[in-house]
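Remarks on the structure that follows.
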Amino acid sequence: MKPTLDESQPIFHQIAVLIMDEIIDGRIKEEEQVPSTNELSRFYNINPATARKGLQALVDKEIIYKQRGVGMFVSKGAQEKLIIQRKEQFYEEYVAPLLKEANRIHLNEQMVIELIKTKMDSK
């Protein structure tokens, strides 16, 4: 099933995130070729320039690299680099606000851990 693109984020950014997700999940491995600009533009029915901009964003972050005349490939260490970035993002988006709210309502670290464990065990 093809992931759908939405209007809330720039399309080139969504393309970059989709490829990063593929790398994190191991569906595209290090040193494997990523879809080309033309493949992405056809698959998502988008302008090739938009697909190119998404790929270039990954080149700029050193997640993928260009091999002239052949295509673009996943850089060595890209998966681990992306996982580290996502962990930091997870902390900033979810854990930090959780801890701030826990502090506000007088929950200490142990209480938060117990609350999480209790809710997870009940599922």
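The values are calculated or read from the model by the stated rules, or taken from the named source; none is laboratory data. Note that this is a predicted model, so its numbers are computed, not measured. Ideal geometry is used to build each Cβ from the backbone, glycine not excepted, and the neighbour counts take in all protein chains shown.
Structural remarks
- Condition check for LYS100: in contact with a strand residue (DSSP E or B) (Cβ under 9 Å, 6 or more places away or on another chain), farther than 20 Å from HIS13 by Cβ and of a type in the set (Lys, Arg): no
- Residue count, segment 1-35 (criterion: part of a helix (DSSP H, G or I), under 18 Å from LYS76 (Cβ atoms) and without any contact (Cβ under 8 Å) to a residue 40 or more places away in the chain): 1
- Here LEU55 fulfils each of the conditions (1) of a type outside the set (S, T, N, Q); (2) at pLDDT 95 or above; (3) not in a helix (DSSP H, G or I) apart from (3).
- Against the test of being among the aliphatic types (A, V, I, L, M) and either within 17 Å of PRO3 (Cα to Cα) or touching a Leu at 6+ places or on another chain (Cβ under 7 Å) (or both), the options ILE64, ILE116 yield a single qualifying residue, ILE64.
- Evaluation of GLN85 against (1) in contact (Cβ under 8 Å) with a residue 40 or more places away in the chain; (2) loosely packed, with under 15 Cβ neighbours inside 10 Å; (3) of a type in the set (S, T, N, Q) (one fails), failing number: (1)
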